[in-house]
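Some notes on the structure that comes next.
The values are calculated or read from the model by the stated rules, or taken from the named source; none is laboratory data. Quantities reported herein were computed from a predicted structural model and do not represent experimental measurements. Note that each Cβ is placed from the backbone with ideal geometry, even for glycine, and that neighbours are counted across all protein chains shown. With ligands, DNA and RNA removed, areas are computed over all heavy atoms of the protein, side chains included. Shrake-Rupley method; radii C 1.70, N 1.55, O 1.52, S 1.80 Å.
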Amino acid sequence: STTVRNTMVRAALLTAVGAPLELAEIELPEPGPGQVRVKLAAAGVCHSDLSLANGVLRVQPPVVLGHEGAGTVTAVGEGVDSVRPGDPVVLNWAPACGSCHLCGLGEPWLCERAGEAYGQTYATLADGTGVYPGLGVAAFAEETVVAERALLPVPAGVPLTSAALLGCAVLTGYGAVHNAARVRACESVLVLGLGGVGLAVLQAARIAGAGPIIAVDVSPEKEELARRHGATEFVLADDQLSRTVRKLTGGHGADHAIECVGRGSTVRAAWSSTRRGGKTTVVGIGGKDDLVSFNALELFAFARTLSACVYGNSDPAKDIPVLAEHVLAGRLDLEALITDRIGLADIPDAFERMAAGRGGRSLIVF
Ligand code: APR
Ligand code: ZN
Ligand code: ZN
């Protein structure tokens with residue numbers, strides 16, 4: 001029999017909904033059967049973490065958030081054969097089981113068991129209290145323990161720090177454009193909300209050869225950032241958006257709108273800005289009390305499509321190598337998404353910048 005050696009690691013802990021994240025020592029068990037321990041190299045701060053921390057999305061404290069991370073395998077449990085200590089990996093917050101109804105239909109991003117790890121404690125506090133791993137991967141900590149299927153190999157040549165962004169913003173944003181919306185060359189694309197996800201959408205639209213690529217935000221300081229990521233136009237959000245977009249698209253409206261804010265009002269603005277028969281793809285995650293309304297006649301009159309996507313409707317095992325090819329060929333600039341490199345203690349500041357609409361991605365570098 002092997003001796004169980006637990007490891008103490010530093011983590012940013014959410015002790016109660018609405019409280020600021022606090023640094024704490026957590027006790028991480030050795031990986032059990034089918035599990036892998038990973039030492040984080042970097043973790044991005046995503047708006048979903050803020051939504052979980054402030055109660056817009058439901059979470060069970062005490063919890064370690066963070067779902068966009070990459071690092072190095074430090075230990076593997078019994079039966080793990082796809083990775084070895086030393087391997088560079090990206091964390092996957094929606095690992096597909098491969099055998100449920102929706103996995104069987106070829107839609108692994110909707111896997112019925114993707115959230116299985118969310119509700120089970122994975123570590124303990126000094127007083128023995130169990131700690132939950134947020135969206136399963138608990139990347140706001142020096143090390144984590146996850147199921148083998150929650151890991152994806154980092155393709156050679158992609159640095160671990162920027163690889164972290166593949167785990168949420170980039171898979172989600174690229175997938176929204178290429179898998180969900182299926183944007184084609186020369187189509188017009190409207191992107192609402194220019195955080196890490198929206199900026200990744202802009203780069204993906206540029207890769208698709210789309211144009212014009214119209215970027216929208218409430219924050220004027222996003223213009224420069226947007227143009228650097230592929231926007232050909234920048235528009236400040238106001239109640240005239242659909243008129244402005246029509247002017248920029250030869251009087252038609254956009255072929256595609258990609259919503260990356262997560263509010264009812266922006267979903268509606270996106271939909272209203274598309275052309276007759278246009279397509280709106282919702283990436284943002286809003287609250288359950290935030291409604292979107294349409295009248296029954298306009299649904300028919302405009303014959304538009306409205307759909308949401310999860311994790312960019314990606315199959316990460318297939319899509320991450322494609323993203324890596326774009327990175328290595330210089331078409332996808334992961335570094336450009338990172339505007340702030342921070343420490344584990346600085347997540348509250350990153351949340352503040354995010355709420356104020358400042359900067360691109362904040363990346364915790366360990
Ligand atoms: N219209 C346009 N842009 C807006 C509006 C609005 N009414 N309100 C906020 N924004 C902008 C913000 O200024 C910010 O630039 O939306 C952007 C959101 O960016 P982040 O907060 O950095 O969020 P991000 O991590 O990119 O996530 C976007 O996707 O995964 C989901 O939960 C996530 O709903 C969130 C969305
Ligand atoms: Zn995310
Ligand atoms: Zn499944």
Report summary line: Expected field for SER362, accessible surface area in Å² at 1.4 Å probe radius, rounded to 10, holds 10
Requested in this report: Order the following by accessible area, largest value first: SER99, SER48, SER273, SER307. Probe radius 1.4 Å; ligands, DNA and RNA are ignored.
Outcome: SER99, SER307, SER48, SER273
Report task. Please say if the stretch 1-105 is rounded, prolate or oblate, where rounded means a/c under 1.5 for a ≥ b ≥ c the square roots of the C-alpha gyration tensor eigenvalues, and otherwise the choice is prolate for a/b larger than b/c and oblate otherwise? Result -> oblate
Requested in this report: Pick out, from PRO31, SER162, ALA200, the residue whose Cα sits farthest towards the positive end of the charge dipole of the chain, with +1 on the Cβ of Lys and Arg and -1 on the Cβ of Asp and Glu.
Outcome: ALA200
Query raised in the report: In sequence order, what are the phi-derived ³J(HN,Hα) couplings for the stretch 179-192 according to the Karplus relation 6.51 cos²θ - 1.76 cosθ + 1.60 with θ = phi - 60°, rounded to whole Hz, with x for glycine and proline?
Result: 9, 8, 6, 6, 5, 10, 3, 6, 6, 8, 10, 9, 10, 9
**Report entry** Heavy atoms of TYR132: accessible area, 1.4 Å probe, square angstrom to 10
**Finding:** 50
Query raised in the report: Taking LYS318 as the anchor, which lysines have their alpha carbon closer than 27 Å to its alpha carbon, excluding any fewer than eight residues away along the same chain?
Result: LYS39, LYS279
Report task. Could you pull out every residue, at least 5 positions away or on a different chain, whose amide H is within less than 5 Å of the one on ARG341? Hs are placed 1.01 Å off N in the peptide plane, and Pro or chain starts have none. Result -> LEU363
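I'd like the FRET efficiency for ASN295 and VAL218, computed as 1/(1 + (r/R0)^6) with the beta carbon distance as r and R0 of 30 Å, rounded to 0.05.
Details: r = 26 Å, r/R0 = 0.87.
In this case the efficiency is close to 0.70.
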Requested in this report: Can you pull the one-decimal nm distance between simple spin-label points at ARG113 and HIS101, each 7 Å off the Cα toward Cβ?
Outcome: 1.6
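Based on the Cβ-Cβ distance of SER265 and THR339, what FRET efficiency does E = 1/(1 + (r/R0)^6) give at R0 = 25 Å, to the nearest 0.05?
Working: r = 26 Å, r/R0 = 1.03.
The value I calculate is 0.45.
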Report summary line: For SER293, the accessible surface traced by a 1.4 Å probe with all protein chains present amounts, in square angstrom to the nearest 10, to 90
Requested in this report: Give the long-range amide H neighbours of LEU190: residues separated by 5 or more places, or on another chain, with amide H under 5 Å away, using H modelled in the peptide plane at 1.01 Å from N.
Outcome: ILE214, HIS256, ALA257, ILE258
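Can you tell me, using C-alpha contacts under 8 Å and at least 6 residues apart, the relative contact order of the chain as a whole percent? Please report the intermediate quantities before stating the final value.
Details: 905 pairs, mean separation 62.8, N = 366.
Relative contact order, the chain: 17 percent.
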**Report entry** Where the stretch 246-366 is the region considered: accessible area per residue in Å², 1.4 Å probe
**Finding:** 49
**Report entry** Length gained when the stretch ASP349-VAL365 is fully extended (0.36 nm per residue, less Cα-Cα span)
**Finding:** 4.3 nm
**Report entry** Label-point gap, in nm, between GLU22 and ALA185 - each point 7 angstrom along Cα→Cβ
**Finding:** 5.8
Report summary line: In nanometres, the difference between 0.36 nm per residue of separation and the alpha-carbon distance of ASN6 and ALA156 is 50.9 nm
Query - Stretchable slack from LEU328 to LEU125, in nm (0.36 nm times residue separation minus alpha-carbon distance) - result: 68.9 nm
